[in-house]
Amino acid sequence: MTQVDPKDRPSRATEGFFGRRHGKTIRPQQAAALESGLRAYRLDLSAEAPADLATLFKADVSALQLEIGFGGGEHLLHRATEAPATGFIGVEPFVNGMAKMMTALGKRPLANLRVYDDDATRLLDWLPQASLDGIDLLYPDPWPKKKHWKRRFVSRANLDRFARVLKAGGRFRFASDIDSYVNWTLLACRDHGAFAWQASEAAGWHGPYEGWPGTRYEAKAIREGRRPAYLTFTRK
């Protein structure tokens, strides 16, 4: 098993975490669900990652997927429910989104799901090399002002992280309704060299992914007249 030694970890593109941790105050019931849910589902990065990540899950899983920034969890919950033989790891540092997810899991537990509630780069550096079958980055914060573009999650340093943890042929999927971020990601992946874009015509990236359940962010984008893009790259 190959992991990143702390002294060898690439610098974070943002040199720190950018984004909100908290929104409106969560209700007592949500706080209780959050506390109990994290005890059951949160990954402990203070321990070394197991050689076989499948052992992180109570279910018998044969593939591993990571979703970075799952928001309220609509997409992640849908996928984890529809694919019980796949182990899913969801990252969401925003407390309100994590509380919503833990509330849902309190009502309908899933044995093939684990979560992490801090900076995704820490998790990526913890994971073993070539351990994931796929990574989803769906409607990430676009940081629309040009002076803030360096805060975008898609960066050379984070693509290096993706390339390290994805298996050969593994998929990186990126969805956004912000044209500048879509173009940014296409250029970044082209220049990186470890990823091949899987589209030959517009229909291949303007249509949602197969089995796509929709998200709140997508619905808002469509209401406001923005056309989402759904990019898929494979690890060479």
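The values are calculated or read from the model by the stated rules, or taken from the named source; none is laboratory data. These numbers were taken from a predicted model, which means no experiment stands behind them. Virtual Cβ from ideal backbone geometry, glycine too; neighbours counted across all protein chains shown. In case anyone asks, the SASA skips ligands and DNA or RNA and just uses the protein heavy atoms, side chains included. Shrake-Rupley method; radii C 1.70, N 1.55, O 1.52, S 1.80 Å.
For the reader, a short list of remarks on this structure follows.
- Take the chain with all the other protein chains still there, run a 1.4 Å probe, and you get 50 Å² of accessible area per residue.
- Rounded FRET efficiency, nearest 0.05, which uses the C-beta distance separating residue 44 from residue 234 and R0 of 41 Å: 0.85
- Low-density loop cleavage sites - GluC sites (Glu not before Pro) in the stretch 22-99, where at most 11 other Cβ are within 10 Å (DSSP): 48
- For Rg and Dmax of the Cα atoms in Å, the candidate list reads [x] 16.2, 46; [y] 22.0, 72; [z] 17.1, 50; the entry that matches the value derived from this model is [z].
- Ratio Rg/Rh, restricted to the stretch 51-121 and using Cα atoms, in which Rh is the Kirkwood radius: 0.94
- Label-point separation in nm, residue 32 to residue 187, each point 7 Å along Cα→Cβ: 5.2 nm
- Pairwise Cα distances in the stretch 118-222 exceed 24 Å for 25 percent of all pairs.
- Taking 79, 216, 190 and ordering them by how much accessible surface each has at a 1.4 Å probe, largest first, produces 190, 216, 79.
- Label-to-label distance, residue 180 versus residue 149, with points set 7 angstrom from Cα along the beta-carbon direction: 0.7 nm.
- Per-atom-type breakdown for the stretch 103-199 gives carbon and sulfur 52% of the accessible area (1.4 Å probe, protein chains only).
- Entries in 100/236; 58/100; 100/145; 100/150; 145/236 that, when Cα-Cα distance is taken, lie over 26 Å: 100/236; 100/145; 100/150; 145/236
- Using C-alpha pairs below 8 Å separated by at least 6 residues, the relative contact order for the stretch 165-236 is 55 percent.
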